[in-house]
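Asker: One structure follows; several queries about it will come next.
The values are calculated or read from the model by the stated rules, or taken from the named source; none is laboratory data. Everything numeric here is computed off the predicted structure, so don't read it as measured data. When we count neighbours, we look across all protein chains shown, and the Cβ atoms used for this are built from the backbone with ideal geometry, even at glycine. In case anyone asks, the SASA skips ligands and DNA or RNA and just uses the protein heavy atoms, side chains included. Shrake-Rupley method; radii C 1.70, N 1.55, O 1.52, S 1.80 Å.
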Amino acid sequence: MTLRVAGGLSSLSPALDILRHMERPFGLVPTMGYLHEGHLALIRAAREAGCATVVTVFVNPTQFAPGEDFASYPRDEKRDFRLASHAGADLVWFPKAEVIYPAGWQTSVLPGALAKRLCGLSRPHFFGGVCSVVLRLFQIIQPQHAWFGEKDFQQLVILRRMVVDFFLPVTLHGMPTVREPDGLAMSSRNARLAPERRDLALTLWRCICRARQAYGAGRRDAATLLAELRADWPAELGLDYMEFRDPKELELQEKLGPKTRLFLAAWLDGVRLIDNSPLE
Ligand code: PAF
């Protein structure tokens, strides 16, 4: 049975007590809802790791700047609960903003250099909001483990850094990006893509495939490969970035290696698309 909590800490606390009786470590899967297979893979992984699995569904306002898609971000609590429950969640919590950020709240996390590249350049508020909410969820739920998708690879690297910097007693697990059969990285925001624009959205995945192929064929020079990929980029798809970086410090790479990742972000009809992959 999956417990559903929609209230604040006074309703969450007895539900967490019930989970404690399972005598298993707590595994947290923080989400912003509108769950897809990518989220469900995280929930299953937490379950398979033997954790009492807590899923949070919270569209976190502090990671959106004014004018971004906070209001239009897809939401469906009933569906999220059903899917999370089928995937094996023991508890799904739908906190309200006033629970996570009560009156008087004023302390945030300020991530450093890792947050000032890639998505951090066009969304400077974003990783501070992510770190702040994830830290608060960690403090409230006190999980021993937490799962995040590698589609948001930069987010995972920054959260790993936060765990080290704050000596947080939690182990983070990254899970590979789950893709649609045609290769499109699963994302809650895909629900807002018009069907006739989907082919354009696939450009990111096509770039990744070309880069991997080129790497397999012996190409090692980042600049010339990027120039070729950029030359074929469709004008209708607003490119935010296309960069080769290493997976640990997210430094730009001139010479490609097997672990080098291609990072891509673009805007399509107001929908933000991101993707990344190692070259091998
Ligand atoms: O990856 C997400 O969905 C969000 O950034 C997260 C980690 C749930 C924080 O709001």
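Asker: When only C-alpha pairs under 8 Å and at least 6 residues apart count, what is the relative contact order of region 41-160, in percent?
Answerer: 32
Asker: Could you give the semi-axes, largest first, of the ellipsoid that matches region 1-106, computed as the square roots of 5 times the alpha carbon gyration tensor eigenvalues and rounded to whole Å?
Answerer: 24, 18, 11
Asker: With only Lys, Arg, Asp and Glu charged, each at its Cβ (+1 for the first two, -1 for the last two), find how big the charge dipole of region 70-164 is about the Cα centre; round to the nearest 20 debye.
Answerer: With only Lys, Arg, Asp and Glu charged at Cβ, the dipole is about 260 debye.
Asker: With a 1.4 Å probe and all protein chains left in place, how much accessible area per residue does region 238-280 have, in Å²?
Answerer: Accessible area per residue, region 238-280: 44 Å².
Asker: Roll a 1.4 angstrom probe over the protein heavy atoms and tell me the percent of accessible area of region 183-238 that is carbon or sulfur.
Answerer: On region 183-238, the fraction of accessible area on carbon and sulfur atoms equals 53 percent.
Asker: Efficiency by 1/(1 + (r/R0)^6): what FRET value for Ala227 and Glu249, r their Cβ-Cβ distance, R0 = 25 Å, to the nearest 0.05? Intermediate results must be reported in sequence, preceding the final value.
Answerer: Working: r = 24 Å, r/R0 = 0.97.
Efficiency, rounded to the nearest 0.05: 0.55.
Asker: Starting from the Cα gyration tensor of region 167-224, take the square roots of the eigenvalues, sort them a ≥ b ≥ c, and report rounded, prolate or oblate (rounded when a/c is under 1.5, otherwise prolate if a/b is larger than b/c, else oblate).
Answerer: oblate
Asker: Between helix 9-20 and the chain, what is the angle of the helix's C-alpha long axis to the longest principal axis, kept within 0 to 90° and rounded to the nearest 10?
Answerer: The angle comes out near 90 degrees.
Asker: Hey, another quick one. Going through the cross-link list Lys116/Lys248; Lys151/Lys255; Lys78/Lys116; Lys96/Lys248, which pairs have a Cα-Cα distance over 26 Å in this structure?
Answerer: Beyond 26 Å: Lys78/Lys116; Lys96/Lys248.
Asker: Place a point 7 Å from Cα of Glu68 in the direction of its Cβ. Which residues in region 134-149 have their backbone N less than 14 Å from it?
Answerer: 134
Asker: Counting only C-alpha contacts under 8 Å and six or more residues apart, can you give the relative contact order of region 164-280 as a whole percent?
Answerer: Answer for region 164-280 is 24 percent.
Asker: Going by alpha carbons, how many degrees (0 to 90, nearest 10) lie between the helix axis of 203-216 and the longest principal axis of the chain?
Answerer: Long axis of 203-216 versus the principal axis of the chain: about 60 degrees.
Asker: Follow-up question, since we're still on this one. For region 5-112, what's the relative contact order in percent, using C-alpha pairs closer than 8 Å and at least 6 residues apart? Numbers along the way, then the final one.
Answerer: On the way: 141 pairs, mean separation 37.4, N = 108.
For region 5-112, the relative contact order is 35 percent.
Asker: Now, a different point. If you project the alpha carbons of the chain onto the principal axes, what extent comes out on each, in Å, largest first?
Answerer: 58, 41, 38
Asker: Local charge sum around Gly112 (other residues, Cβ-Cβ under 9 Å, Lys/Arg +1, Asp/Glu -1)?
Answerer: Overall, the nearby charge balance is +1.
Asker: Next question. Hey, could you get me the Stokes-Einstein D for region 82-178, Kirkwood radius over alpha-carbon pairs, 25 °C and 0.890 mPa s, rounded to whole µm² s⁻¹?
Answerer: 166
Asker: A follow-up question, please. Give the angle, between 0 and 90 degrees and rounded to the nearest 10, that separates the Cα long axis of helix 153-165 from the longest principal axis of the Cα atoms of the chain.
Answerer: In the chain, helix 153-165 runs at an angle near 50 degrees to the longest axis.
Asker: Can I ask one more? Hey, what's region 101-191 come to in accessible area per residue, 1.4 Å probe, Å²? Please list the in-between numbers first.
Answerer: Details: 4160 Å² over 91 residues.
Solvent-accessible surface per residue comes out at 46 Å².
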